[in-house]
Amino acid sequence: MVRLVLIAISGTPGTGKSSVCDVLALRGYAVVDLNEIARRECLIVGRDVARGSDEVDVDAMREGLRVSAKIAFLKAHFSHQMDVNLAVVLRCRPSVLRKRLEARGWSPEKIRENVEAEAIDVILQEAVARLPYVYEVDTTSRTPTQSADAILAILQGKTDGHAPGSVDWSEEVLSWY
């Protein structure tokens, strides 16, 4: 029996999922872009006009997802909602994330929502509530290559410093008030 290992690469938009997964793909790993699958398989069920984002039928994706590789990284801010063996949530200091999202030309409202979500660990909390194995990688001052190296080290059992809660933005958040 062939065992399939699926690793969610999740995180708030702007934390580095695409850049890190590009590095992993260049190293020969299978990377599955869940947003691309959602478009191709007609799993976009609506448009959130206020947020300027597509709404994906995550349940249908989870049920219909087929991956042919033995080891694959699933890329999307909702990948932790798939049936995966473990999730790595990419994190980024809110002040740096704000700059990254501003560079994308996002609206102030969308930027604020995503920066606040990062500040209060929304995706991390969702992942921990659903999955037994969740780790964090702070991409704030790491290159995509360094972040990919950290992910591969986690897969080799080198998890020290990557447990949920190891990234803490509370000092920065408190400085907002």
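Below, the figures for the structure above:
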quantity	calculated
Per-region count, the range 166-177, residues over 15 Å from V96 (Cα atoms) and out of contact with any strand residue (DSSP E or B) (no Cβ under 8 Å at 6 or more places or on another chain)	2
Wholly enclosed helices (runs of 4 or more DSSP H) of the range 113-177 bearing at least 1 residues in contact (Cβ under 8 Å) with a residue 60 or more places away in the chain, of a type in the set (A, V, I, L, M, F, W, C) and open to solvent by 40 Å² or more (accessible area, probe 1.4 Å)	122-130, 144-155
Number of the exception - A25 against (1) within 17 Å of S147 (Cα to Cα); (2) open to solvent by 30 Å² or more (accessible area, probe 1.4 Å); (3) within 13 Å of the chain's Cα centre (by Cα)	(3)
Complete set of residues in the range 99-112 that are hydrophobic (A, V, I, L, M, F, W, C), surrounded by 13 or more Cβ atoms within 10 Å (Cβ to Cβ) and in a helix (DSSP H, G or I)	L101, I111
Contacts under 8 angstrom Cβ, first residue in the range 25-38 being more than 13 Å from R66 (Cα to Cα), partner hydroxyl-bearing (S, T, Y) and at pLDDT 95 or above, 6 or more apart	none
Of residues in the range 54-92 being free of Cβ contacts under 8 Å to residues at least 24 places away in the same chain and in a strand (DSSP E or B), the one surrounded by the most Cβ atoms within 10 Å (Cβ to Cβ)	V56
Pick from the range 28-50, criterion open to solvent by 20 Å² or more (accessible area, probe 1.4 Å) and touching a Ser or Thr at 6+ places or on another chain (Cβ under 9 Å), ranking: nearest to V96 (Cα to Cα)	D33
The range 7-22 - residue that is out of contact with any Ser or Thr (no Cβ under 7 Å at 6 or more places or on another chain) and farther than 16 Å from T140 by Cβ and, of those, most open to solvent (accessible area, probe 1.4 Å)	D22
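The values are calculated or read from the model by the stated rules, or taken from the named source; none is laboratory data. Since the model is a prediction, treat every value here as computed from it, not as a measurement. Here Cβ is always computed from backbone atoms with ideal geometry, including for glycine, and neighbour counts include all displayed protein chains. For the accessible areas, the whole protein counts, side chains as well, though only heavy atoms, and no ligand, DNA or RNA atoms are used. Shrake-Rupley method; radii C 1.70, N 1.55, O 1.52, S 1.80 Å.
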